[in-house]
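*Asks:* The structure follows.
The values are calculated or read from the model by the stated rules, or taken from the named source; none is laboratory data. Computed from a prediction, not measured in an experiment: that's the story for all the values here. Virtual Cβ from ideal backbone geometry, glycine too; neighbours counted across all protein chains shown. These area figures cover heavy atoms from the full protein model, side chains too; ligands, DNA and RNA do not enter into them. Shrake-Rupley method; radii C 1.70, N 1.55, O 1.52, S 1.80 Å.
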Amino acid sequence: VIVVTMFRGRAAWVIAATVVTSGGVSGDLRHGADLSAGGRSARNSVLCDVSPEVVALNLTATVRKFTVGAFERCYTVLRPTAFTADVPILFWFHGAGGNARSCGAERAIDGTSIAAIAAANGFAMVCGEAVQYNTSTEHGGQWLIPEIATDTSGTNCSASQPEVAYLAATLQSLGSLTEPALNVSRIYTSGCSMGSAFSSYAATCLSTARPQTISAFATHSTGLKVKGDGLQFPHDNYDPQYTWGECPKCEYFPIVVEADRAQRMKACVFDNHQDPSAEVPYFFNSSVQLANRWNASGGRVETHFAQGGHCAIQSYADIVACLDDGTRRLLPHGLTPPPTPSPTPPMPQPQATCITACQAACPNVERKGQPCEQCLTAHKWDHNMVSACHGFPFQTLLKDFCGSLL
């Protein structure tokens, strides 16, 4: 298994390769049995990489690939070169259909990035990556969060769960890094959309297995779904006739909020009032629901609710400061602002794969205004649309594909 490390030298980036192996187990996404031999493809095309924007930062960028159960998995880690040891870890988890190909590139509305804040403040940013199935019939880039979470079962954090095994293998790998070395007993999680759901799931499972290592987690644009609450989440990957949290045996998604874990961790809940739309802000309402349930269970909560839509992140600095909470566990010297960012690059046009997905979902309405808008809005959470258009603002897509004057 190849590990590619890039570190900034005096004149250029240097690439070194070493070999590592990491074991793990795979498990049933609902109940614990192995699905890898039962029809689910065991093939995976890992995409972890480093954004070119990271080249300008004082960071060591490492991509590691290893096997967990039936799948090859990976992560990208950005480590601050100005700090030599005891570096804490902040995980960032991508949304549905995403990957870790451009680790460090994401910018908030204020122009800052987690990578720049990490370089200035002495923590490592780790971009996790969901399994990237290489067939069109699979749910590529979607975190394998267990479908069923109930008051009776609790949150399924069994070691047989594929993402629990992935987290364990990732932490084992991170613990072997040097120059700078990472402190795997100071961990935080964050993410947006399905990555937000996975942040709360990962934090819950880490708190169960390593209760002293994680003191806070952050969510953005997905909170807590409770069966029967009227929030129309995207379709359940395992039972597509239902939405997440509404299958016959389901009660919650992605976790069960339990007092023992809530009282060990602070929840930093971020979202926007128009998420995913002003008319039906079900993602925003799920974030309010998570905050209320966490507080009712005796946990500490800090909420940041702004104007905007899905995954329109106002400030990564606010997320980092909330996680640290004045403890200096994540920010050893307090929050140091990163250098003034360069202007955000112009918004790119939709990729050809996104346009193709729009044409397949809504044939014969391209550039036809309102009928096109209505069709795309109805299909915006289809799997093919999410996978092909992930990361591209939906309002901009309406304008570009439908000719809307938004």
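*Asks:* Conditions first: (1) open to solvent by 20 Å² or more (accessible area, probe 1.4 Å); (2) touching a helix residue (DSSP H, G or I) at 6+ places or on another chain (Cβ under 8 Å); (3) among the small types (Gly, Ala, Ser); (4) in a helix (DSSP H, G or I). Ala115 passes all but one, so which condition is the exception?
*Replies:* Checking Ala115 against (1) open to solvent by 20 Å² or more (accessible area, probe 1.4 Å); (2) touching a helix residue (DSSP H, G or I) at 6+ places or on another chain (Cβ under 8 Å); (3) among the small types (Gly, Ala, Ser); (4) in a helix (DSSP H, G or I), the one that fails is (1).
*Asks:* Are any residues in region 263-286 crowded, with 20+ Cβ neighbours inside 10 Å and either touching a His at 6+ places or on another chain (Cβ under 8 Å) or modelled with pLDDT under 95 (or both), and if so, which ones?
*Replies:* Cys268, Val269, Phe270, Asp271, Asn272, Asp275, Pro276, Pro281, Phe283, Phe284
*Asks:* If the Cβ limit is 8 Å and pairs must be 6+ apart or interchain, which residue in region 126-154 that is open to solvent by 40 Å² or more (accessible area, probe 1.4 Å) pairs with which residue that is modelled with pLDDT of 95 or more?
*Replies:* Pairs found: Asp151/Glu251; Asp151/Val256; Ser153/Val256.
*Asks:* Moving on. In this structure, is Glu251 at positive phi and either touching a Lys or Arg at 6+ places or on another chain (Cβ under 6 Å) or at pLDDT below 95 (or both)?
*Replies:* no
*Asks:* Arg210 - would you say it is out of contact with any Ser or Thr (no Cβ under 6 Å at 6 or more places or on another chain) and under 29 Å from Ala169 (Cα atoms)?
*Replies:* Working: out of contact with any Ser or Thr (no Cβ under 6 Å at 6 or more places or on another chain): yes; under 29 Å from Ala169 (Cα atoms): yes.
In short, yes.
*Asks:* Something else about it: Just checking, how many residues over region 287-327 are of a type in the set (Phe, Trp, Tyr), open to solvent by 20 Å² or more (accessible area, probe 1.4 Å) and within 22 Å of Phe91 (Cβ to Cβ)? Walk me through how you get there before you give the answer.
*Replies:* We begin by selecting, within region 287-327, every residue of a type in the set (Phe, Trp, Tyr); these are 294, 305, 316.
Cutting the leftovers down to open to solvent by 20 Å² or more (accessible area, probe 1.4 Å) gives us 305.
Okay, now just the ones that are also within 22 Å of Phe91 (Cβ to Cβ), so none.
Of the residues in region 287-327, 0 are of a type in the set (Phe, Trp, Tyr), open to solvent by 20 Å² or more (accessible area, probe 1.4 Å) and within 22 Å of Phe91 (Cβ to Cβ).
*Asks:* When you scan region 53-68, how many residues do you find that are in contact with a helix residue (DSSP H, G or I) (Cβ under 9 Å, 6 or more places away or on another chain), farther than 19 Å from Pro180 by Cβ, open to solvent by 30 Å² or more (accessible area, probe 1.4 Å) and not in a helix (DSSP H, G or I)?
*Replies:* Residues in region 53-68 being in contact with a helix residue (DSSP H, G or I) (Cβ under 9 Å, 6 or more places away or on another chain), farther than 19 Å from Pro180 by Cβ, open to solvent by 30 Å² or more (accessible area, probe 1.4 Å) and not in a helix (DSSP H, G or I): 1 in total.
*Asks:* What number goes with the only condition from (1) of a type in the set (Asp, Glu); (2) open to solvent by less than 30 Å² (accessible area, probe 1.4 Å); (3) assigned to a loop (DSSP other than H, G, I, E, B) that Glu163 does not pass?
*Replies:* Exception for Glu163: condition (3).
*Asks:* Ala105 is checked against (1) more than 15 Å from the chain's Cα centre (by Cα); (2) open to solvent by 20 Å² or more (accessible area, probe 1.4 Å); (3) farther than 15 Å from Arg64 by Cα; (4) not charged (D, E, K, R) and fails just one. What number does that condition carry?
*Replies:* (1)
*Asks:* Just a yes or no: is a residue in region 178-201 of a type in the set (S, T, N, Q), in a strand (DSSP E or B) and surrounded by 24 or more Cβ atoms within 10 Å (Cβ to Cβ)?
*Replies:* Pass one, region 178-201, residues of a type in the set (S, T, N, Q): 178, 183, 185, 189-190, 193, 196, 199-200.
Still in the list and also in a strand (DSSP E or B): 183, 185, 189-190.
Then drop every residue that is not surrounded by 24 or more Cβ atoms within 10 Å (Cβ to Cβ), which leaves 189-190.
Yes, region 178-201 contains a residue that is of a type in the set (S, T, N, Q), in a strand (DSSP E or B) and surrounded by 24 or more Cβ atoms within 10 Å (Cβ to Cβ).
*Asks:* Every residue in region 202-220 that is in a loop (DSSP other than H, G, I, E, B) and open to solvent by 30 Å² or more (accessible area, probe 1.4 Å), please.
*Replies:* Arg210, Pro211, Gln212
*Asks:* May I pose another question? Restricting to region 217-253, give me the number of residues that are over 26 Å from Ser207 (Cα atoms) and of a type in the set (Val, Ile, Thr).
*Replies:* 1
*Asks:* Taking region 294-312, which residues are under 19 Å from Ser193 (Cα atoms), more than 19 Å from the chain's Cα centre (by Cα), modelled with pLDDT of 95 or more and not hydrophobic (A, V, I, L, M, F, W, C)?
*Replies:* Of everything in region 294-312, just one residue is under 19 Å from Ser193 (Cα atoms), more than 19 Å from the chain's Cα centre (by Cα), modelled with pLDDT of 95 or more and not hydrophobic (A, V, I, L, M, F, W, C), namely Glu302.
*Asks:* Follow-up. Ser158: surrounded by fewer than 19 Cβ atoms within 10 Å (Cβ to Cβ), in contact with a Gly (Cβ under 7 Å, 6 or more places away or on another chain), more than 25 Å from Met385 (Cβ to Cβ) and hydroxyl-bearing (Ser, Thr, Tyr), yes or no?
*Replies:* Yes; evaluated as a whole, the condition is true for this residue.
*Asks:* Provide a single number: the residues in region 355-395 that are more than 13 Å from Gly97 (Cα to Cα) and in contact with a Gly (Cβ under 9 Å, 6 or more places away or on another chain).
*Replies:* Going through region 355-395 one residue at a time, the tally reaches 8.
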